[in-house]
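Presented below is the structure to which this report refers.
The values are calculated or read from the model by the stated rules, or taken from the named source; none is laboratory data. Computed from a prediction, not measured in an experiment: that's the story for all the values here. What goes into the accessible areas is simple: the full protein's heavy atoms, side chains included, and nothing from ligands, DNA or RNA. Shrake-Rupley method; radii C 1.70, N 1.55, O 1.52, S 1.80 Å.
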Amino acid sequence: MDSLQQMPNIGAVLAERLRRVGVTDADELRRLGAGRAFAMIREDLPEDARSHTLFALEGAIRGTRWTAIPKPERDALAGQVLGEGHADVAAGTQ
């Protein structure tokens with residue numbers, strides 16, 4: 001049972017958002033997956049932070065910084081979770 005904050009991309013604020021919805025450790029986050037965990041905290045996020053947060057969760061599960069996730073994979077994830085209109089905003093970096 002690893003701490004959420006030991007995972008890449010997860011700081012105190014995101015860890016607290018996850019805990020408030022019942023995601024208390026890294027194992028639970030991995031079990032849920034980025035999409036389901038994101039859906040649980042989505043209403044608590046500012047609109048302009050949503051794609052970055054989704055990618056942060058996916059990167060945490062993969063054990064890497066979110067910017068290391070290839071852009072086509074970020075686009076696909078954004079399309080699946082945020083809707084087709086968001087696939088182009090896959091945090092335009094890298």
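Write down the accessible area per residue of the chain in Å², having rolled a 1.4 Å probe over the full set of protein chains.
53 Å²
Mind checking the angle between helix 71-82 and the chain's longest principal axis? C-alpha axes, 0 to 90 degrees, to the nearest 10.
Here the helix axis deviates by roughly 70 degrees.
Over the chain, what is the relative contact order in whole percent, taking alpha-carbon pairs under 8 Å and six or more residues apart?
26 percent
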